[in-house]
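These notes are about the structure you will find just below.
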2 protein chains.
Amino acid sequence: MSPLILPPQATQVGLAVDVAAFAMHAGELQVLLIRRGELPHAQTWALPGGFVQPGEELHEAALRELRTETSVSLEPRHLEQFFTFGEVGRDPRGRIVSVAHLAVLPHGTVQARAGGHTVGAEWLAAHTPPALAFDHQAILDRAIKRLQLRLEYANLALEFLPDTFTLPELQTVYEAIGHRELDKRNFRKRILAAGILTPCGERRSGVGRPAQLYRRAKGTRTAAL
Amino acid sequence: MSPLILPPQATQVGLAVDVAAFAMHAGELQVLLIRRGELPHAQTWALPGGFVQPGEELHEAALRELRTETSVSLEPRHLEQFFTFGEVGRDPRGRIVSVAHLAVLPHGTVQARAGGHTVGAEWLAAHTPPALAFDHQAILDRAIKRLQLRLEYANLALEFLPDTFTLPELQTVYEAIGHRELDKRNFRKRILAAGILTPCGERRSGVGRPAQLYRRAKGTRTAAL
DNA sequence: CCAAAAGTGTTGTAACTACACCCATGT
DNA sequence: ACATGGGTGTAGTTACAACACTTTTGG
């Protein structure tokens, strides 16, 4: 198949990715936000993102933005495209289409970056974020919905935790993402019945009864759609 | 916010939409395919689609392609973006990103179009399609999965049928999309218990006992995600 | 012995599965 | 009368929600 010229009516647009990266901290679902260093919307909070480079795959671009624009030191545990935002007026610079991605990072260090694009990066409460640039509030809303779907559907909750964890910890992940409280006994029954966890030792964490530690059972990888 | 120039590293790409349009016919789930009239992949079956025009919204482009490239005479009952395919090598003409859409049309007339882009359009079996151009087989696979999800999640099945229909007809929609047989009694219980149908007269269709007709109950619009 | 956190069982209800026969019509 | 398609009920099982007390540790 020989390369051809694109037909004249083919619209040339800017192709971008934005990433809603989530993590748990202190029992709260947090999202990684940056403070923009450039116009438009300079000084405003926004999701990390930027333009896809020539020859770069969409998921590679999402990874790169996550790393360079925010100096995230960890590999995401989950990365998934979830919606494409292409409304004509969404960016004042012109027609820019953004393929939005959902990422899960185990809560780790983020260095603020004082470069041209970004003047800082922070984990902030995902359910009550500050005012966001462009249509990023809509992107975040949709990302949270998708995350809630995935939580039940795949076993994505484990990606928020270290290798070994206790059931109460896992429960707070479900509660923070679902944004509602769960019954301890029913939660345990449900999770243990699913058979995706194997016990491994216990943890003595100061005061209170020690908790059973669990790890993901062998052969139970997260099943993305 | 004043309009700015795009940064130099912004990738200019071709922006396209493709549409997987489904309908029921003779108890079979069918998808609308066209035969390409142009290179690349001339004479090959493909999903209807094409480039987004300047100032045109994504869903508008999907509608336009559905109408002009295939001369579909009906409004789609459902139209939803479901995934964006942007792999670097997916189109030999260059970097072309396609926002794939899922549509449901009540089975209606389609005129073949002998123009530049298309030399024909037909409804073909969705589960056993012919060889398709580009990565359209992957797009179709994903569209069917999404359709199956939506079937349970929203009440999308009604969109495949005319205003009034019988329960056996509705059951064949579920069976064709889910690609498996269902128990008649359980199906009826489930659907009637959901309370989304109201009876309205009966239908005498030749031989056999007349069937109860139903229509969608007032105030039960399809809830898309 | 008190505070703090982990752990545990029962009961009711709703939803789903499997399964086989009778009913109304046209020819 | 028979062929064709439409319609019906029961019993077993499973999944989920509601609910309060006991156990183990550190101070």
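The values are calculated or read from the model by the stated rules, or taken from the named source; none is laboratory data. Values in this document were obtained by computation on a predicted structure and should not be read as measured data. Quick reminder, even Gly has a Cβ in these numbers, built from the backbone with ideal geometry, and neighbours come from all protein chains shown. These area figures cover heavy atoms from the full protein model, side chains too; ligands, DNA and RNA do not enter into them. Shrake-Rupley method; radii C 1.70, N 1.55, O 1.52, S 1.80 Å.
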Compute the label-point distances linking A:Pro162 to its equivalents in the other copies; points lie 7 Å from Cα along Cα→Cβ; give nm, one decimal, shortest first.
6.6
For chain B, return all DSSP H helices satisfying: extent of Cα atoms along own axis at least 24 Å; mean Kyte-Doolittle hydropathy at least -0.5.
B:136-153
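Pairs of alpha-carbon atoms within less than 8 angstrom and 6+ residues apart define the contacts here; what relative contact order does chain A have, in percent?
Taking the mean separation of contacting Cα pairs over the length of chain A, I get 21 percent.
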If you find the alpha carbon centre of region A:92-108 and of region B:167-225, how far apart are they in angstrom?
41
Looking at this model, which pairs from A:Lys189/B:Lys218; A:Lys218/B:Lys189; A:Lys184/B:Lys145; A:Lys145/B:Lys145; A:Lys189/B:Lys184 are more than 29 angstrom apart at the alpha-carbon?
A:Lys189/B:Lys218; A:Lys218/B:Lys189; A:Lys184/B:Lys145; A:Lys189/B:Lys184
Probe 1.4 Å, all chains present, heavy atoms only: A:Val207 accessible area in Å², nearest 10, is 140
Nearest 5 is fine: what % of DSSP beta bridges in the protein assembly as shown come out antiparallel, could you say?
75
Number of partner chain Cβ atoms within 10 Å, mean per residue of B:35-43
1
Distant-in-sequence amide H partners of A:Phe82 (H built 1.01 Å from N, under 5 Å)
A:Ala100, A:His101, A:Leu102
Inter-copy label distances at A:Ile196, 7 Å along the Cα→beta-carbon direction, one decimal in nm, shortest first?
2.7
Residues whose modelled amide H sits under 5 Å from the amide H of B:Ala112, counting only those 5 or more places away in sequence or on another chain, are B:Ala121
How many Å² of accessible area per residue for the protein assembly as shown, probe 1.4 Å?
47
Report the normalised scattering of chain B as log10 I(q)/I(0) at q = 0.10, 0.17 Å⁻¹, calculated by the Debye formula with identical scatterers on the alpha carbons.
-0.52, -1.20
With the cut-off at 1.5 for a/c, could you classify the protein assembly as shown from its C-alpha gyration tensor as rounded, prolate or oblate?
oblate
What does the charge add up to near B:Glu69, with Lys and Arg as +1, Asp and Glu as -1, over the other residues with Cβ less than 12 Å from its Cβ?
+2
Among A:Leu39, B:Leu192, B:Tyr214, the residue whose Cα sits farthest towards the positive end of the charge dipole of the protein assembly as shown, when +1 is placed on the Cβ of each Lys and Arg and -1 on the Cβ of each Asp and Glu, is B:Leu192
Can you give me the relative contact order of region A:163-216 as a percent, contacts being Cα pairs under 8 Å and 6 or more apart?
45
Starting from a label point 7 Å past Cα on the Cβ side, list the distances from A:Ala138 to the same position in the other copies, nm, shortest first.
2.8
Can you list, bin by bin at 10 Å, the percent of alpha carbon pairs in region A:163-216, starting at 0?
23, 54, 23, 0
Expected integer from the mean partner chain Cβ neighbour count at 10 Å over B:96-105 is 2
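For region A:87-225, with all protein chains present and a 1.4 Å probe, just round the carbon and sulfur fraction of the accessible area to a whole percent.
Looking at region A:87-225 in its full context, I get 51 percent from C and S.
Sort region A:92-225 into rounded, prolate or oblate with this rule: let a ≥ b ≥ c be the square roots of the eigenvalues of the Cα gyration tensor; rounded if a/c is under 1.5, and if a/c is not under 1.5, prolate when a/b is larger than b/c, oblate otherwise.
prolate
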So how much accessible surface do A and B hide from each other in total, probe 1.4 Å, in square angstrom to the nearest 100?
3800
Which GluC sites (Glu not before Pro) does region A:161-225 hold that lie in a coil by DSSP with at most 14 other beta carbons within 10 Å?
A:Glu181
